Structure formats: structure tokens, C-alpha cells
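Taking it in order: structure first as C-alpha cells, then the write-up.
Computed from the coordinates by the stated procedures, all read-outs in this text should not be read as laboratory data. Bear in mind the structure is a predicted one, so any value in this text is a computation, not a measurement.
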């Protein structure tokens, strides 16, 4: 957790559920080291317990993940391409960690119009 290789990204929806939004590109060593002390191991009941995450678009290999408490906000740059579930099709680029914000400060995901 002190030096992650990439981050799984999520946002809370209107119902208060943590929705998987995508993942970051591989983090450079300097960017990775900024997370030392910012990530906390998940307690039981993480919303994504038991999930598997693809190593890439159209790739069957899965990522080896360590779930953490969904408390840290990060700023990313993301491509607008999304899949049918609303997840980013391409990895997002990490800009910076935002420990000054909490998930409650981030607008909730709303259901797309049908």
C-alpha cells in the first residue's frame, strides 16, 4: 500500500454505493511513493470484495488487488470513452492525491438518461 503500481478508481452513486469507474495507468515510482501513509487497509465488507479486475481492455488476465478503505480522493485525467456500464475504457492519468478532500466533497454519480 505504500507504493501501489496503479489505483482502482470509484465514485459513490446517488444511492450511496461505491461504483467502479476505472483504474489509473501504471504509476511512476515517484508518484507511487506519494501514497505512503495515505492508504488504509480495508475492513470487512468492502463493496468490491470478491470482484476481479481486468488487467486491460479485452485482456483476460486479472489484476492482483489490495482493497483499501475508499476514503482517499485523487485527481485524474480521463478519456471520455466509456463502456456500457459507464466505466472509463482507458486507464486514467493520475494528477495528484487530494487528502484535503473527502468522498463527500465529490459530486455523486447520477444514472445516465435512458
Checklist entry - Given the chain, what percent of its DSSP beta bridges are antiparallel, to the nearest 5? => result 85
Checklist entry - When the Cα centres of the range 36-114 and the range 14-34 are compared, how far apart do they sit, in Å? => result 4
Checklist outcome for this item: Yeah, the range 2-44 with a ≥ b ≥ c from its alpha-carbon gyration tensor (a/c under 1.5 is rounded, else prolate when a/b outruns b/c, oblate otherwise) is oblate
Checklist entry - Cα atoms only, the chain: Rg and Dmax in Å? => result 13.9, 42
